[in-house]
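Peer 1: Following this message is one structure expressed as structure tokens.
The values are calculated or read from the model by the stated rules, or taken from the named source; none is laboratory data. Owing to the predicted nature of the structure, the values given are computational and were not obtained by experimental measurement. Cβ atoms come from the backbone with ideal geometry, glycine included; neighbour counts cover every protein chain shown. Only protein heavy atoms, including side chains, enter the accessible area calculation; ligands, DNA and RNA are left aside. Shrake-Rupley method; radii C 1.70, N 1.55, O 1.52, S 1.80 Å.
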Amino acid sequence: MLTNRIAIFRLVSILCCLPLWDTQAQDQDTSFQPGQIWLDTSGGPIQAHGGGVLVDGGTYYWYGEDRTDPAQTVVSCYSSKDLHHWTHQGKVYSPNDLPQELRARCFIERPKVIYNRKTNRYVLWAHLEQPGYHFSKALVATSTSPTGPFRFERAFRPISEDVGFKDDDPDQQKALGGTFRDMNLFVDDDEKAYVFYASEGNWTMYVVQLDDTYTAPQIPQEQGKTWARILVGRLREAPAPFKYKGRYYLITSGCTGWSPNAADWAVADNILGPYESRGNPCHGPEAALTFRSQSTYVLPLPNMPGCFVFMADRWNPRRLQDSAYIWLPLLIHDDGTVAIVWHDNWDLSVFERLER
Ligand code: DGJ
């Protein structure tokens, strides 16, 4: 079935002179093939770049950037029961849903969604940006359904503390607070939620506890108690946090635009840090370039403790809509070290064979 869809997709691509992502596409019905074409259940290429996965009621929801229209990034949602077959649930948020004054110039990157049991709302956070990357704000929107529609809540910089910003800063951090760029969300076992984001012009990462609605920071804000500066001055982005056996792990990338660089994993006993950086977790060909990709999310596999899917984007800067997905097994060894191991082709049974 899927082989037929890939053949049709290739034929249409050739007839329409569209570049193929990678001509090595294989059948993805039962296995992950990082870097290959990945079609949804209706035969279209999955558009969920810079995304993340929500597990809700036995269903996986994959949210990400739909880059089909280079002029306007929208947030897409796909659903799946098995992580292989993804059904397009549509575009759940677009710049047209922003208030009038923001619509024209803004684009959306790295959307993530979490569920709030208290308010019974699905809460979307994303990086809201404008050409030049100086706008750098958080976008927050909510919905009563995982498949939207999401309604605008706010666009803002969560932390306004002046940590010594310059007066002539193009990011206007003295007046507006630390920039909000690459981001992720994390809900802890006690249901407290946190947003991780590259701030201070990407020089330092922030971790900020959210309030009970998950739509705003916990108030009153207190550095070290409700938020923290982590990986200070390290110039890291693309944060992907996860937890295992009471410790907090964070995968990040360096800041080299759309070009790949080496990933790093860091670990902390407290979610607010301090995080100790431990180096590159990747193993295999092109491990020094994160397999030519950049982290976006780490998905803990339900009922498989210590087994995670590392999700990353192999960006194609000239045609972002053709960027490919790199999904790989991530495991934590018995000594607490993190390993992401390259596989051309793999399924969840790989975790039974990987050495701890
Ligand atoms: C790297 C970031 O991780 C991406 O999300 C995007 O913002 C690019 N930089 C833009 O150059």
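Peer 1: Once ligands and nucleic acids are excluded and a 1.4 Å probe is used, how much of Met304 is accessible, expressed in Å² to the nearest 10?
Peer 2: Here the residue's solvent-accessible area equals roughly 50 Å².
Peer 1: A further question follows. Any idea what Rg and Dmax come out to for segment 175-281 if you just take the C-alpha atoms, in Å?
Peer 2: Gyration radius and largest Cα-Cα distance of segment 175-281: 13.2, 40 Å.
Peer 1: Something else about it: Efficiency by 1/(1 + (r/R0)^6): what FRET value for Leu354 and Asn270, r their Cβ-Cβ distance, R0 = 25 Å, to the nearest 0.05? Intermediate values should be presented prior to the final figure.
Peer 2: Numbers: r = 29 Å, r/R0 = 1.15.
Rounded to the nearest 0.05, the efficiency is 0.30.
Peer 1: Related question: Considering only protein heavy atoms, what per residue accessible area in square angstrom results for the chain with a 1.4 angstrom probe?
Peer 2: On the way: 14920 Å² over 356 residues.
In whole numbers, the chain has 42 Å² accessible per residue.
Peer 1: In deg cm²/dmol and to the nearest 500, what is the mean residue ellipticity at 222 nm of the chain if only DSSP H runs of at least 4 residues count, each as -39500 (n - 2.57), divided by the residue total?
Peer 2: Values: 4 runs with 26 residues, N = 356.
-1500 deg cm²/dmol, from helical runs alone.
Peer 1: If you take every residue apart from Ile108 with its C-beta less than 9 Å away from the C-beta of Ile108, what net charge results, scoring Lys and Arg +1 and Asp and Glu -1? Can you show the working numbers first?
Peer 2: Numbers: positive: Arg110; negative: Glu65, Glu109, Glu129.
In short, -2.
Peer 1: Right, another one. Could you compute how fast the chain diffuses translationally, taking Rh as the Kirkwood radius over C-alpha pairs and applying Stokes-Einstein at 25 °C with viscosity 0.890 mPa s? Give it in µm² per second.
Peer 2: 120 µm²/s
Peer 1: Next question, about the same structure. Ranked highest first by the average count of other Cβ atoms within 10 Å around their residues, in what order do 251-257, 332-338, 286-292 fall? Can you show the working numbers first?
Peer 2: Details: 251-257: 19.7, 332-338: 14.0, 286-292: 18.0.
In decreasing order of mean packing, 251-257, 332-338, 286-292 become 251-257, 286-292, 332-338.
Peer 1: Where is the GNM fluctuation largest for the chain (alpha-carbon springs, 10 angstrom cutoff): Trp227, Trp203, Trp327?
Peer 2: Looking only at Trp227, Trp203, Trp327, the biggest GNM fluctuation is shown by Trp203.
Peer 1: Kirkwood hydrodynamic radius for segment 219-356: how many Å is it when counted over pairs of different Cα atoms?
Peer 2: On the way: mean 1/r = 0.0636 Å⁻¹.
About 15.7 Å, per the Kirkwood formula over Cα pairs.
Peer 1: What is the sum of charges, Lys and Arg at +1 and Asp and Glu at -1, for the other residues whose Cβ falls under 10 Å from the Cβ of Arg356? Working shown, then result.
Peer 2: Numbers: positive: none; negative: Asp334, Asp335, Glu355.
So the surrounding residues net to -3.
Peer 1: What net charge do the residues around Arg229 carry, taking every other residue with its C-beta under 10 Å from that of Arg229, with Lys and Arg at +1 and Asp and Glu at -1?
Peer 2: Details: positive: none; negative: Glu161, Glu200.
Within the 10 Å Cβ shell, the charges total -2.
Peer 1: Follow-up question, since we're still on this one. Report the residue, chosen from Arg154, Arg247, Arg181, that carries the largest GNM mean-square fluctuation when the chain is represented by alpha-carbon nodes joined by springs under 10 Å.
Peer 2: Maximum among the listed residues: Arg247.
Peer 1: Please check: in the Gaussian network model of the chain (C-alpha springs, under 10 Å), which one of Ile230, Ile219, Ile326 has the largest mean-square fluctuation.
Peer 2: Ile219
Peer 1: Can you give me the % of accessible surface on the chain that is carbon or sulfur? Probe 1.4 Å, all protein chains present, nothing else counted. Please list the in-between numbers first.
Peer 2: Numbers: 7480 of 14920 Å².
Looking at the chain in its full context, I get 50 percent from C and S.
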